[in-house]
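Undergrad: Attaching a single structure in structure tokens format; questions to follow.
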Amino acid sequence: MKEAASRAEELSVVEKFILMALYARPPSGRGGKLRLQEIMFKLAEVFGELRKELDFEPRGHGPYSKALEEHCSLLEDAGLLSNTNLTEEGRRIAEEIWRQADEHARKAVKSVVEFFESLEDDELLLYIYVTSPEMAEKSAIREDVMRNRVEIALRMLEKGVISIGMAAKLAGLPLDEMMKRAVERGIKPFEAVISWLPMTSMRSRH
């Protein structure tokens, strides 16, 4: 069997990021193909090399990349993935890739993954639909999500995963109105610690 470092070198940049994202997923994460699509969509906004390789388009529940699905299939064929879960060998390779990545990349992947995995489905969809409205064009459930946007945003604020400013944006309300509703609900407004950091790039050896 090839050493982890050698196998890692054979992977494309997209495959490396997929393994990093799955490696960073907390034990309580929800997982699934749709959530992985949305995580990689957000990472592609941050990393230029992913943006060039993954061509996302709007689908029924948000962003979708056929190229991403194909890369996941390649990783499954290589014995590194089973659905969207790392195999034992996949975890070994992912750990090596994680070790080789620079600190900024690790922090960014970890923050995006932990944030997205902490959200309920409707919370995640609201976040995507508001921050990337072009990805909501073909959504069959967009109206239902947007109809409940204030309640969903308040729930996210109460959980402590977004700032009061982001809550106002997701709810579609002025900041002072959002603060009023938060106080009425017994929520103490705060500033979230999550941030999207600019990164240096990871390069494929292909």
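The values are calculated or read from the model by the stated rules, or taken from the named source; none is laboratory data. Note that this is a predicted model, so its numbers are computed, not measured. Heads up, the Cβs are rebuilt from the backbone with ideal geometry, glycines too, and the neighbour counts pull from every protein chain shown. Please note that ligands, DNA and RNA were not included when accessible areas were found on the heavy atoms of the full protein model with its side chains. Shrake-Rupley method; radii C 1.70, N 1.55, O 1.52, S 1.80 Å.
Undergrad: Take the range 87-114 and flag every residue that is within 21 Å of Ile162 (Cβ to Cβ) and open to solvent by 10 Å² or more (accessible area, probe 1.4 Å). Steps first, answer last, please.
TA: Pass one, the range 87-114, residues within 21 Å of Ile162 (Cβ to Cβ): 107-114.
Correct list: Lys107, Lys110, Ser111, Glu114.
Undergrad: Name the residues in the range 81-111 that are touching a strand residue (DSSP E or B) at 6+ places or on another chain (Cβ under 8 Å) and assigned to a loop (DSSP other than H, G, I, E, B), would you?
TA: First pass over the range 81-111, keeping only residues touching a strand residue (DSSP E or B) at 6+ places or on another chain (Cβ under 8 Å): 87, 90, 94.
If the condition is that a residue be touching a strand residue (DSSP E or B) at 6+ places or on another chain (Cβ under 8 Å) and assigned to a loop (DSSP other than H, G, I, E, B), then Thr87 is the only one that fits.
Undergrad: Among the residues of the range 26-44, which ones are in a helix (DSSP H, G or I) and free of Cβ contacts under 8 Å to residues at least 40 places away in the same chain? It would help to see each step written out before you state the result.
TA: The initial filter retains those residues of the range 26-44 that are in a helix (DSSP H, G or I), namely 33-44.
Once the filter is applied, which keeps residues that are in a helix (DSSP H, G or I) and free of Cβ contacts under 8 Å to residues at least 40 places away in the same chain, the range 26-44 yields Leu34, Gln37, Met40, Ala44.
Undergrad: Among the listed residues Ala21, Ala5, Ala78, identify the single one that is over 21 Å from Lys138 (Cα atoms), open to solvent by less than 30 Å² (accessible area, probe 1.4 Å) and out of contact with any strand residue (DSSP E or B) (no Cβ under 9 Å at 6 or more places or on another chain). Break it down stepwise before answering.
TA: On the way: Ala5 fails: open to solvent by less than 30 Å² (accessible area, probe 1.4 Å); Ala78 fails: open to solvent by less than 30 Å² (accessible area, probe 1.4 Å).
Result: Ala21 is the single residue among Ala21, Ala5, Ala78 that is over 21 Å from Lys138 (Cα atoms), open to solvent by less than 30 Å² (accessible area, probe 1.4 Å) and out of contact with any strand residue (DSSP E or B) (no Cβ under 9 Å at 6 or more places or on another chain).
Undergrad: Follow-up question, since we're still on this one. Could you grab me the full set of residues in the range 117-156 that are open to solvent by 30 Å² or more (accessible area, probe 1.4 Å), more than 24 Å from Met179 (Cβ to Cβ) and in a helix (DSSP H, G or I)?
TA: Correct list: Asp121, Pro133, Glu134, Arg142, Glu143, Asp144.
Undergrad: Checking Arg51 against (1) open to solvent by less than 20 Å² (accessible area, probe 1.4 Å); (2) without any contact (Cβ under 8 Å) to a residue 60 or more places away in the chain, which test does it fail?
TA: It fails just one condition, (1).
Undergrad: Residues to consider are Arg99, Arg25; find the one that is of a type in the set (Lys, Arg) and within 15 Å of the chain's Cα centre (by Cα).
TA: Working: Arg99 fails: within 15 Å of the chain's Cα centre (by Cα).
Of Arg99, Arg25, the one residue that is of a type in the set (Lys, Arg) and within 15 Å of the chain's Cα centre (by Cα) is Arg25.
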